[in-house]
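Since the structure comes first, as structure tokens, the remarks are kept for the end.
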Amino acid sequence: MSSTLPFWILNSARNSIATLQGGRRLYSRCASNRNKSRWRLFSQGPGTLKSSAPCSGFALQKAYRHTSTEEDDFHLQLSPEQVNEVLRAGESAHKILDLVRGAPNSVLRFESNQLAANSPVEDRRGVASCLQTSGLMFGIFDGHGGHACAQAVSERLFYYVAVSLMSQQTLERMEGAMESMKPLMPILQWLKHPGDSIYKDVTSVHLDHLRVYWQELLDLHMEMGLNIKEALMYSFQRLDSDISLEVQAPLEDEMTRNLSLQVAFSGATACMAHVDGVHLHVANAGDCRAILGVQEDNGMWSCLPLTRDHNAWNQAELSRLKREHPESEDRTVIVDNRLLGVLMPCRAFGDVQLKWSKELQRSVLERGFDTEALNIYQFTPPHYHTPPYLTAEPEVTYHRLRPQDKFLVLASDGLWDVLDNEGVVRLVVEHLAEASRHKPDLAQRPANLGLMQSLLQQRRAQVLRAADQNAATRLIRHAIGSNEYGEMEPERLTAMLTLPEDLARMYRDDITVTVVYFNSDSIDAYYKGG
Amino acid sequence: MHCLFLYLGTGVQIYDRTSVLHVMVKKGQVTGVETDKGQIECQYFVNCAGQWAYELGLSNEEPVSIPLHACEHFYLLTRPLETPLQSNTPTVVDADGRIYIRNWQGGILSGGFEKNPKPIFTEGKNQLEIQNLQEDWDHFEPLLSSLLRRMPELETLEIMKLVNCPETFTPDMRCIMGESPAVQGYYVLVGMNSAGLSFAGGAGRYLAEWMVHGYPSESIWELDLKRFGALQSSRTFLRHRVMEVMPLLYDLKVPRWDFQTGRQLRTSPLYDRLDAQGARWMEKHGFERPKYFVPPDKDLLALEQSKTFYKPDWFDIVESEVKCCKEAVCVIDMSSFTKFEITSTGDQALEILQYLFSNDLDVPVGHIVHTGMLNEGGGYENDCSIARLSKRSFFMISPTDQQVHCWAWLKKHMPEDSNLLLEDVTWKYTALNLIGPRAVDVLSELSYAPMTPDHFPSLFCKEMSVGYANGIRVMSMTHTGEPGFMLYIPIEYALHVYNEVMSVGQKYGIRNAGYYALRSLRIEKFFAFWGQDLNTLTTPLECGRESRVKLDKGMDFIGRDALLQQKQNGVYKRLTMFILDDHDTDLDLWPWWGEPIYRNGQYAGKTTSSAYSYTLERHVCLGFVHNFSEDTGEEQVVTADFINRGEYEIDIAGHRFQAKAKLYPVTSLFTHKRRKDDVELSDLHGK
């Protein structure tokens, strides 16, 4: 039975494509069928699948199933090893070894992974440590309408934050170095997965804008730099405004111009954490999410959400939107749980279609861009009266880390669509338990050599069985391989992974997960040491 | 952390809990030690800081490179057996199980050298703080299992503790001792590869002799710090290499085994080109050198299967390369050789070289001289070829691993004189050896210069053009006794010259060859090699090289007195060539080196190297024959007559094979050639 499932998904997916293509003829402005989920063109398309819909999708599409002998012979079965290989391709893990002022870092290590549904993947992630100030930064960037914006934000945001945190003195040194054409001191140290798209060195235009930013910070004459909360707030908004301004400014180089247009006309939500000692700040704009896994003294685990999704299910966001726009728009600002009926998150970078006035959009695009070739997605939603409707202003949460805070999970909505917070904590806890199970427990250590040997051999067999060394991989495996009862179904997992590139997005979203483990001992030491 | 031993005239004083900050050096000489408790003046300093020796060496202003790296090492301690083990219980080593077992307070102490070692302290001492030194039972499981497989009864033994005690390993599995090449009085004794306990006595004695007399009583070049340079000191290299070295401790060590890690560090510009043509590589002093070239249609055994003490799988390949050297022409990339240039404004270069080298170097410009660089005892510190490029400049070619040692020796003995310049030009030249009777045709076609012996006699050096490239140093020698030329090519021309040589050589049947062919050719011609046959305790007279020593020129040079005395008294050992008679190449174990030599049934020495001679169709071994007194075992004078009158056997793994001893190369094969060489040599000296 297992082998039939893949064709089944494949066929149903093909049927849905047919419906979509039928729909697309009506709305020819829709440039690409990549933009299905986040961006939706009004509410008509019958087949647009939300990423959380695969379960219902199966049932719905079953009726369309048609069999042809040709396709039945088409085998897509993957071996468990191959499944692991696919799942692990995006893995990265780092142990944080640096000592912060002589004490071990409060971050023990992090594990991260990414599984693409879009082709190319629209999610981005970043981990970097600030070299001129202290602290580690973790970010998840979920792009929509292309990957340009997510790429740009993932490359640039940490620089803005790092610069915001710098003291007056450091900024002066940076400015001095620029003025005398000396090499800049390094700002960030990236901890990258080898497969992550190569972050271009801050290109000269970007560096110029970063410099303008720090020059303005210099003019503020603040000895110690911004506090972290302010730094995060300003950095998000500043970068978004730079993205918006860069495309308005006349740029000589066609490549740069096209790129900045793609960045501005695509969008990205962002969620980033800044950890410095026991101080954890999370800044979020959009529907990525950060949660904390907490183990109470009685051993029970619980979940502490550090962000709120900025979407139509968030009452506070609804009221904010209503507050920011005239009463006459109360009914049109959110339609079908989407901002102006088109966008799922209601905060994001880029997406100038929802930020600029119609006039501005027209005048910029009339400067002779080949929007078709650039995959620019240009349209004006109905009821577009009082832009901006969208903001990149983040919501910043501060949490003082306690010894019971064991890990932080940052993930794009591809994960949260299918797993809830408690489920995610449960999976990571299981992962931790499995990992620690094969550590010799001194208290229960077998007394003689024979018993020790058999215990060790058992544990070795266990390690061979345990599929994932990386918690992020485990989360992704469960996100796409669990059925509606939360049970792992290997066939389902295989089927989901063998979807052809162009169909994958119908059944799942890009998923990016970073799990950050804290060092309870060093947090404890922090409290004891004062 | 470091214990400090100081000889203070009256005795030894030990400072506990004192850590060395750095060693104080003035004018390249140790003057004292700066510790956290103050300064201590001293003349000698011994770095025996174990796994911290690397860092301590680097803490010097002029860093001392000591290539070693620690790996975690686990051993198990148990409570006593029911009948406690006696203190005279032997230590058991089960190499297949990778474990050792010995008595420990009536119980056992058992550890091993696992296949998957855990290197540690790559980043240095700081790593210690991160509480890494924990027991790792899971890691120990395979060793525990092999212990219980070997001794199932121990199952009920109570565990006391699993100890994690890092051990230090070196890149070649041999310990490191001797004086630093850069700082006088700075001695090193480290890198015991987990055998410190058993080596301690001997190693301590040799080092003490070294410090007191300036040299140890045995030749221990294999352990000399100067066999390494800074190039082996990369942490990544060491980390990777020790992961290969540690398991090797209990592996079968087969001849001609090459390390697989830390490779492709130094390469000739032709590396890729040769590799694409099937080259198989070995490494010396970090330099990749071709062993032989596997023809496209030939398959060799997999690495593991190729391990053998019998006839190896490359036998036929090397045979065809040797044949081509004898009948046509082969090209061997020999770029790894150490190359120095010594120049001066006046006669300083000649003067100092005449003092440092045993052969007469005051030869006409363009001549090449084979000469030893001897120590006071007349032993070879180096054996090299020196070409006189001009009145005031010399080009010196030495074995690859002499790069650090020879440099240090020359620096130590050369006067501080700004008019005298010593330069290491190893990296500047690619060396191609064109061996074979048709080499002359290839070269003359490429240079439009007459290459006949009249114009280009043996042991000559000329700068000429080869192809489009000008200024190629061409030398009429091949390091094998075969006709041909060495080409020293500025590296940017290497590919061009190689391409030209190969394309012109095609019609003469040219092909690539490797060092195994060279070795076979060299040994059958009785060419001894420094580092294998020759060492610091062998003199020119002991290997029939009196003609390469200027004893009768009335000129002083290092080692002269010792040689004069030896000439008068006679030698106590003699390098001899043996041709195995009743050895079946296909079925018998091969000689490699170190096989005992028996003369008239009496032990007389050991072989130093051996090779199969494709010309003689016999194995040839080189080795020193001693004359041990039957009664006292005392060494007696060895004469040519003594050698010639013996009946010899070589013992290979317990089986004795008859061997013919020769003091000169087998003449019947090379009569013509040798006579010509002799003439040239006498010409050279008779000028």
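Only the coordinates and a few stated rules stand behind these numbers; no lab work does. Model, not experiment: these values are computed from the prediction. In this analysis, Cβ positions are derived from the backbone assuming ideal geometry, glycine residues included, and neighbour counts consider all displayed protein chains.
Observations
- Among the residues of A:450-460, the average count of other protein chain beta-carbon atoms within 10 Å of the residue beta-carbon is 5.
- Restraint check, B:Lys226/B:Lys606; B:Lys339/B:Lys606; A:Lys406/A:Lys528; B:Lys606/B:Lys660, Cα-Cα greater than 21 Å: B:Lys226/B:Lys606; B:Lys339/B:Lys606
- Sparse-neighbour loop sites [GluC sites (Glu not before Pro); the stretch B:262-321; at most 16 other C-beta within 10 Å; DSSP]: B:Glu304
- Counting Lys and Arg as +1 and Asp and Glu as -1 over every other residue whose Cβ lies under 10 Å from the Cβ of A:Phe141, the net charge comes to -2.
- Karplus (6.51, -1.76, 1.60) ³J(HN,Hα), θ = phi - 60°, over the stretch B:449-459, in Hz, Gly and Pro reported as x: 10, x, 10, 5, x, 5, 8, 9, x, 4, 6
- Centre separation in Å (Cα based) which lies between the stretch B:456-530 and the stretch A:263-291: 66 Å
- Each of the peptides A:350-361, A:223-234 was scored by the mean count of other Cβ atoms within 10 Å over its residues; in descending order, highest first, they stand as A:350-361, A:223-234.
- Net dipole in debye of the protein assembly as shown [+1 Lys, Arg Cβ; -1 Asp, Glu Cβ; about Cα centre; nearest 20]: 560 debye
- Summed over all non-identical Cα pairs, the Kirkwood treatment of the stretch A:257-323 gives a radius of 14.8 Å.
- Farthest toward the positive end of the dipole of the protein assembly as shown, out of A:Ser328, B:Tyr448, B:Pro117, is the Cα of A:Ser328, where the dipole comes from beta carbon charges about the Cα centre.
- Qualifying chymotrypsin sites (Phe, Trp or Tyr not before Pro) in the stretch B:385-485, where qualification requires a DSSP coil assignment and no more than 16 other C-beta atoms within 10 Å, comprise B:Tyr448, B:Tyr468.
- Taking a ≥ b ≥ c as the square roots of the eigenvalues of the Cα gyration tensor, the protein assembly as shown is prolate, since a/c reaches 1.5 or more and a/b is larger than b/c.
- q = 0.14 Å⁻¹, the stretch A:327-434: log10 I(q)/I(0) [Debye, one scatterer per Cα]: -0.79
- B:Leu265 sits among other residues whose Cβ lies under 13 Å from its own Cβ, and their net charge, with Lys and Arg +1 and Asp and Glu -1, is +3.
- Checking the Cα-Cα distances for B:Lys118/B:Lys253; B:Lys27/B:Lys391; B:Lys115/B:Lys311 against a 26 Å cut-off, the pairs over it are B:Lys27/B:Lys391; B:Lys115/B:Lys311.
- Relative to one another, the C-alpha centroids of the stretch B:238-282 and the stretch A:354-430 are positioned 52 Å apart.
- Within the same chain, aspartates and glutamates fewer than 8 places from A:Lys182 are excluded, and of the rest, those with a Cα less than 17 Å from its Cα are A:Glu172, A:Asp201, A:Asp208.
- With each label modelled as a point 7 angstrom along the Cα→C-beta vector, the B:Met555-B:Ser465 pair spans 3.6 nm.
- Spatially proximal lysines relative to B:Lys550 (Cα-Cα < 16 Å; intrachain offsets below 8 disregarded): B:Lys567, B:Lys687
- Nearest-ten-degree value, helix B:196-213 long axis tilted from longest Cα axis of chain B: 50 degrees
- Excluding same-chain neighbours fewer than eight residues apart, the lysines reachable from B:Lys507 by a Cα-Cα span under 17 Å are B:Lys323, B:Lys326.
- Cα-based convex hull, chain B, per residue volume (Å³, whole number): 193 Å³
- Average partner coverage of B:149-159, which counts Cβ from other chains inside 10 Å: 3
- R0 of 51 Å, Cβ-Cβ distance A:Leu451-A:Arg308: FRET efficiency to nearest 0.05: 0.45
- Loop-resident trypsin sites (Lys or Arg not before Pro) (DSSP state other than H, G, I, E or B) in the stretch B:306-346 with no more than 16 further Cβ atoms inside 10 Å of their Cβ: B:Lys307.
- Comparing B:Leu148, B:Val190, B:Tyr516 along the charge dipole axis of chain B, the residue lying farthest to the positive side is B:Tyr516, per the Cβ-charge model.
- Each of A:Leu157, B:Leu564, A:Pro403 was scored by the projection of its Cα onto the charge dipole of the protein assembly as shown, and the greatest displacement toward the positive side belongs to A:Leu157; charges sit on the C-beta of Lys, Arg, Asp and Glu.
- Within the shell defined by Cβ-Cβ distances under 13 Å, the residues around A:Leu171 carry a net charge of -4, with Lys and Arg each +1 and Asp and Glu each -1.
- Close amide-amide hydrogen proximity is noted between B:Val425 and B:Lys339, B:Phe340, B:Glu341, each under 5 Å apart and 5 or more residues distant or on a separate chain (H modeled in the peptide plane; Pro and chain starts excluded).
- Whole-Hz Karplus values for the stretch B:315-322 come out as 3, 5, 4, 5, 4, 5, 5, 4 Hz, taken residue by residue from phi with 6.51 cos²θ - 1.76 cosθ + 1.60 and θ = phi - 60°; glycine and proline positions read x.
- Over chain B: helical MRE at 222 nm, DSSP H runs n ≥ 4 each giving -39500 (n - 2.57), nearest 500: -7000 deg cm²/dmol
- The string of couplings for the stretch A:186-193 from the Karplus curve (6.51, -1.76, 1.60, θ = phi - 60°) is x, 9, 10, 10, 7, 10, 10, 7 Hz, one whole number per residue in order, with x for Gly and Pro.
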